[in-house]
1. Which residues, taken from region 144-183, are touching a Ser or Thr at 6+ places or on another chain (Cβ under 6 Å), within 14 Å of ligand 1 (Cβ to nearest atom) and in a strand (DSSP E or B)?
2. crowded, with 20+ Cβ neighbours inside 10 Å, more than 16 Å from ligand 2 (Cβ to nearest atom) and free of Cβ contacts under 8 Å to residues at least 60 places away in the same chain, is that true of LEU51?
3. Identify the residue in region 71-100 that is under 20 Å from SER15 (Cα atoms) and of a type in the set (Val, Ile, Thr) and, among all such residues, is nearest to ligand 1 (Cβ to nearest atom).
4. Condition first: in contact with a helix residue (DSSP H, G or I) (Cβ under 9 Å, 6 or more places away or on another chain) and either in a helix (DSSP H, G or I) or loosely packed, with under 15 Cβ neighbours inside 10 Å (or both). Now tell me which residues in region 72-86 satisfy that.
5. Those residues that are among the β-branched types (Val, Ile, Thr) and surrounded by 15 or more Cβ atoms within 10 Å (Cβ to Cβ), I need them from region 161-180; list them, please.
6. Could you look through region 14-48, keep only residues that are within 13 Å of ligand 2 (Cβ to nearest atom) and of a type outside the set (Lys, Arg), and pick out the one that is farthest from ARG100 (Cα to Cα)?
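Values in this text are rule-based calculations from the coordinates and carry no lab data. Fair warning: this is a prediction, and the values are worked out from it, not measured in the lab. Every residue, glycine among them, receives a Cβ derived from its backbone with ideal geometry; neighbour counts consider all protein chains shown.
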Amino acid sequence: MFADRDRLHIAIQKSGRLSDDSRNLLKKAGLRVQNGKNRLTARVENFPIDLMFVRDDDIPTFVNDGVCEFGIVGENVLEEFALGRERVKIETVCKLGFGRCSLKLAAPVGRDFPGPAALAGERIATSYPRITRAWLERQGVDARVVEMTGAVELAPKLGIANYICDLVSTGQTLEENNLRPVADVLDSEAVLIRASRDFPAEVETVSDNLLTRIDGVLASTG
Ligand code: PRT
Ligand code: ZN
């Protein structure tokens, strides 16, 4: 299918927090997408563009490996991907103003936290081990990072770790689990990313047109 080198491919999240906003942005930019929520790909009717619906964690890989020219993903996922690689062939085109959240370090309510130095020798559970390790390094603290793929907020209750480093938007999940944010690790929102390579001339033209249209949408929504 990807022998189709004269078409432009955009990877977006299949289902999750970024899906609706990603689809709406492309729709507002004038792309008419054939309905196919349960499919892996969809053709855009009025442009030589194909959409690929994937897990958000796979989006940087698709763009980096040249499968897709563009993608829409959270900065948190992009950063975690980039920190694991020596050479990343991805550029951030622009911030998109949705999917805002922060990766925060959180501690059980009642646990004293005078500052990052208190983390020395502690265990921190997270789904973002590379970002967390890089932050700890910047703080000059030696702590153990325990990787979990989900339910990170349960780690202190389960005795897996005293601290967690997890995404927060409203703060409700932390509160429900008797945790409180103690440090900001990374602020994030959805970004448009592009593969840092030259595209064939026809694809570059489609790409320019797409970016102009997305700029227009972002300018009109502020
Ligand atoms: O299936 P797939 O892998 O594609 O999806 P996913 O489950 O990994 O991701 P998804 O859909 O939950 O999130 C996609 C992206 O949305 C994230 O990578 C972030 O960039 C962004 N985002 C924005 C968030 C949140 N806000 C958010 N609140 N991602 C996750 N959360 C979770 C957080 O992990 C915690 O469990 O929501 C909970 C906290 O929310 P509050 O409101 O209680 O603070
Ligand atoms: Zn994911």
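1. CYS165, VAL168
2. yes
3. Here the residue is VAL77.
4. Residues satisfying the conditions are ASN76, VAL77, LEU78, GLU79, GLU80, PHE81, ALA82, LEU83, GLY84, ARG85.
5. Correct list: ILE164, VAL168, THR173.
6. SER15
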